[in-house]
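J.: The structure under discussion is supplied below as structure tokens; questions concerning it will follow.
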Amino acid sequence: GQSGQLFSPHYGDMIDLWQSVGYHPMRFDRTEIEQSAVDVLTLQP
């Protein structure tokens, strides 16, 4: 994803989409989310 931190390796990840007025699809279906997930982050108190 994009990052607002100038020196982050992800700072310009979405520049090509932005320049072409494209968009990144938002997934809302749980199955689609699980199939396209690259990582899982589990937060516990």
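The values are calculated or read from the model by the stated rules, or taken from the named source; none is laboratory data. Just so you know, these numbers come straight off a predicted model, no measurement behind them. Cβ atoms come from the backbone with ideal geometry, glycine included; neighbour counts cover every protein chain shown.
J.: Which residues, counting only those in the stretch 35-45, are of a type outside the set (S, T, N, Q) and either within 12 Å of the chain's Cα centre (by Cα) or surrounded by 10 or more Cβ atoms within 10 Å (Cβ to Cβ) (or both)?
T.: Ala37, Val38, Asp39
J.: In the stretch 1-29, what count of residues is obtained for those that are assigned to a helix (DSSP H, G or I) and exposed (fewer than 10 other Cβ atoms within 10 Å of the Cβ)?
T.: Of the residues in the stretch 1-29, 2 are assigned to a helix (DSSP H, G or I) and exposed (fewer than 10 other Cβ atoms within 10 Å of the Cβ).
J.: Glu32 passes all but one of (1) modelled with pLDDT of 90 or more; (2) assigned to a loop (DSSP other than H, G, I, E, B); (3) surrounded by 11 or more Cβ atoms within 10 Å (Cβ to Cβ); (4) not hydrophobic (A, V, I, L, M, F, W, C); which number fails?
T.: It fails just one condition, (2).
J.: Moving on to the next point. Output the number of residues of the stretch 35-45 satisfying the condition of being in a loop (DSSP other than H, G, I, E, B) and of a type in the set (Gly, Ala, Ser).
T.: Residues in the stretch 35-45 being in a loop (DSSP other than H, G, I, E, B) and of a type in the set (Gly, Ala, Ser): 1 in total.
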